[in-house]
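Worksheet: one structure, shown below.
The numbers here are math on the coordinates, done by the rules we state, and not lab data. All values derive from a computational prediction rather than experimental measurement. Neighbour counts are summed over all protein chains in view; Cβ atoms, including those assigned to glycine, are modelled from backbone coordinates with ideal geometry.
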Amino acid sequence: MLLNPDMGWVLLDVAEKGRQDMGQTGLYPLVQNVGILTGWSLLEPREGAFDWKALDETIAYWSGQGKRLHFRISTDCFPYYGSSYTCPEWVYQAGVPFQEKKDWGGQPLKFPDYTNPVYRQKLQAFLKAYAGRYRGLDSLDVVDLRGYGEWGEWHSGYRYADWDTRVNALKWLLDAWCGAWKGDKKLFLSYSHETELGVLTNGRGPTRYEEYLSFSALDYAVETFPAAALGFRRDGVAGAITGDEKRFSGTLYQGNRMQIAEFCNGYAQYKQEGKSIRACINEALELHPNYM
């Protein structure tokens, strides 16, 4: 079998025992890449007290098979896996404002105010420790920039009163993450469209392609960070792609930006819904991804 660098299928594994993961079992010879998922609150359960054990064990298992690694580590809410994958509670106890909502079967979710100076100081401290520990990991190819919103997918996070405040918050997050990694590993930013109609408290959202780019600071990301430092991903392929996202994907492809396409659902669910697996794969391939 021919294995190509910087492309291919990605297997997902959760760095926490008992979660929906591959259980660190099996060899998966047809898969070259493994994405490892965890969250800030699990890695820093108390301020300044880091727990890298579960992540390191998962790294060791897959690196031992010669797999290439992707970090899918979020500093914001990962509702699918429960509230443990989120901004730590001790951050809020330090006085950081937050907003709450319920989603995914009524789960209570919290989102911090990313403009708050206390939040920014604590996030930067975590990112410094996180990047400092793993920037020299030879088997690590991809680091997801999961800093805003549900799953860290750059949508459905803290709601601001006006457009400029939101955009400046996202720009700061981009600068903080990219600044921490210093270009030593390629970061990947989700370009998912904003899924909540009332994402601003005044109800104003993007209506044109250029506004879609501005509203999520995607134009800033492309203009500020070179292709060697920042790639992009679309979480939720085969079921949720918009025309603006397809257009943006084309500009990324023309600009030699690496991309990742993550599917909305798994093989079994698509089959149960009567969807053509080939059609789902074709939709992902339209984005010209390196990884799926």
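Label points 7 Å out from Cα along the Cβ direction at Val118 and Ala228: separation in nm? It is 4.1 nm.
Helical runs (DSSP H, four residues minimum) scored at -39500 (n - 2.57) apiece and divided by the length of the chain put the mean residue ellipticity at 222 nm at -10000 deg cm²/dmol. Taking a point 7 Å out from the Cα of Trp9 in the direction of its Cβ, the residues of segment 225-255 whose backbone N falls within less than 20 Å of it are 234-239. Comparing Tyr119, Ile277, Ile36 along the charge dipole axis of the chain, the residue lying farthest to the positive side is Ile36, per the Cβ-charge model. So, counting K/R as plus one and D/E as minus one, what does the shell of residues with Cβ under 14 Å around Gly132 add up to? Result for the local shell: +3. From the cross-link list Lys110/Lys246; Lys110/Lys182; Lys128/Lys186; Lys101/Lys185; Lys110/Lys171; Lys122/Lys171, which pairs have alpha carbons spaced over 27 Å apart? The pairs that break the limit, which is 27 Å between Cα atoms, are Lys110/Lys246; Lys110/Lys182; Lys101/Lys185. At an R0 of 51 angstrom, the distance between the Cβ atoms of Ser139 and Trp163 translates into a FRET efficiency of 0.80. Label-to-label distance for Thr242 and Arg204 is 1.7 nm, based on points extended 7 Å past Cα in the beta-carbon direction.
In order along segment 100-117, phi translates into HN-Hα couplings of 10, 7, 10, 8, 6, x, x, 5, x, 10, 10, 10, x, 7, 6, 8, 5, x Hz, rounded to whole numbers, per the Karplus curve 6.51 cos²θ - 1.76 cosθ + 1.60 with θ = phi - 60° and x for Gly and Pro. In this structure, the amide hydrogen of Ser192, modeled 1.01 Å from its nitrogen in the peptide plane, lies closer than 5 angstrom to those of Asp235, counting only residues at least 5 positions away or on a different chain. Legend: Rg and Dmax of segment 236-292, from Cα coordinates, 11.8, 38 Å. Computed over neighbours whose Cβ is under 15 Å from that of Val96, the net charge equals -3, Lys and Arg +1, Asp and Glu -1. Taking amide H positions as modeled 1.01 Å from N, with prolines and chain starts lacking one, the residues under 5 Å from Val10 and 5 or more places away or on another chain are Met292. With N the number of residues in segment 100-163, Rg(Cα) / (2.2 N^0.38 Å) evaluates to 1.37. The base-10 log of I(q)/I(0) for segment 105-239, evaluated at q = 0.12, 0.19, 0.22 Å⁻¹, reads -0.48, -1.18, -1.49 [Debye formula, identical scatterers on Cα atoms, solvent excluded].
Can you say what percent of the DSSP beta bridges in segment 28-138, counting only those with both residues inside, are antiparallel? Round to 5. Expressed as a percentage, antiparallel bridges in segment 28-138 total about 50. Segment Thr25..Gln272, full-extension length gain: 86.3 nm, with 0.36 nm per residue of separation and the alpha-carbon distance subtracted.
Computed over neighbours whose Cβ is under 14 Å from that of Asp235, the net charge equals -4, Lys and Arg +1, Asp and Glu -1.
The label point for Tyr92 and the one for Lys17, both projected 7 Å from the Cα toward the Cβ, are 2.8 nm apart. Counting only aspartates and glutamates at least 8 places from Lys275 when in the same chain, those with an alpha carbon closer than 13 Å to its own are Glu283. One equal scatterer on each Cα of the chain, no solvent, Debye formula: the resulting log10 I(q)/I(0) at q = 0.07, 0.08 Å⁻¹ is -0.24, -0.32.
Of the beta bridges in the chain, as assigned by DSSP with both residues counted there, near 20 percent are antiparallel. Each pair of Cα atoms in segment 1-156 enters the Kirkwood radius, and Stokes-Einstein at 37 °C and 0.692 mPa s then converts it into a translational diffusion coefficient of 200 µm²/s. Using R0 = 35 Å, the C-beta based FRET efficiency linking Glu211 and Ile281 works out to 0.70.
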